[in-house]
Each structure stands twice: as structure tokens, then as C-alpha cells.
Amino acid sequence: MKRAFTITEAKAQFSKLLRRVAAGEEITITKRGVPMARLVPVAAQKVNRQLGFYEGKFTVPDDFDAPLPDKILDAFERKANQRRRKA
């Protein structure tokens, strides 16, 4: 499979080339036969998450999942703005 592409070819097939790179290939982009750039896969970044980092910093209130007051609920659902327009 071809691994070197001219700038024009790369522009025309960029999405296809990115899929190939994501699969692990390295693609060279050339200008007048001279290599100018390489598309290479990016190594996956490992995220270290510390469990319990915020332990004791906040508490979830007992009414956390209680229904919202009508005024706040209306604001989320844009009912407040609709009433103003009708008036």
C-alpha cells in the first residue's frame, strides 16, 4: 500500500489517510518528491485518576434529587421567556 503522498493527494484523501494512521500506519507527505511531513499515530495518553480525591470536601444534600421549584424549572424549559413574549 502506498505510504508517500504528494500534498495534493494528501489534501484530497485526508480523511482516508487519517483512518490509516489511526490504524497504526505512518504516512509521508512530499512536495516535488521531497519528504515534507509525516502523519504518525499519537500514543494514547494514560490518565491517572486518584479515587477519593475529594473525599470529605463536600456532601450531597438529602434533597439532591428533589423536583426543582417551578421558577427554576420554567427557566430551564424557557417557559418564563415564552410568557413574556405573549404578554
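The values are calculated or read from the model by the stated rules, or taken from the named source; none is laboratory data. Because the structure is a prediction, the values reported are computed rather than measured. Heads up, the Cβs are rebuilt from the backbone with ideal geometry, glycines too, and the neighbour counts pull from every protein chain shown. Surface areas here come from the heavy atoms of the whole protein model, side chains and all, with no ligands, DNA or RNA. Shrake-Rupley method; radii C 1.70, N 1.55, O 1.52, S 1.80 Å.
Quick one: net charge of Val21's neighbours, Cβ under 11 Å, K/R +1, D/E -1?
Local charge sum for Val21: +3.
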Out of the total accessible area of the chain (probe 1.4 Å, heavy atoms of protein only), what percent is carbon and sulfur? 55
Each residue of the range 2-11 in order: what ³J(HN,Hα) in whole Hz does its phi give by Karplus 6.51 cos²θ - 1.76 cosθ + 1.60, θ = phi - 60°, with x for Gly and Pro? 5, 10, 10, 9, 6, 4, 4, 4, 4, 5
Just report the Cα centroid separation between the range 54-71 and the range 1-53, whole Å. 45
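Of all DSSP beta bridges in the chain, what percent run antiparallel (nearest 5)?
Working: 5 of 8 bridges.
If we restrict to bridges inside the chain, about 60 percent are antiparallel.
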Between Lys57 and Arg78, what length in nm is gained on full extension when 0.36 nm per residue of separation is reduced by their alpha carbon distance? 4.2 nm
Considering the chain as a Gaussian network with a 10 Å cut-off on Cα pairs, which listed residue, Pro41, Pro61, Pro69, attains the greatest mean-square fluctuation? Pro69
Phi to ³J(HN,Hα) by Karplus 6.51 cos²θ - 1.76 cosθ + 1.60 over the range 13-28, Hz, x for Gly, Pro: 10, 4, 4, 5, 5, 5, 4, 5, 5, 4, 7, x, 7, 10, 10, 9
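Could you work out the longest stretch of the chain that avoids the chymotrypsin sites (Phe, Trp or Tyr not before Pro) located in DSSP loops with at most 10 other Cβ atoms within 10 Å?
1-52
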Most mobile listed residue (Val34, Val47, Val60) in the chain, GNM with C-alpha springs under 10 Å: Val60
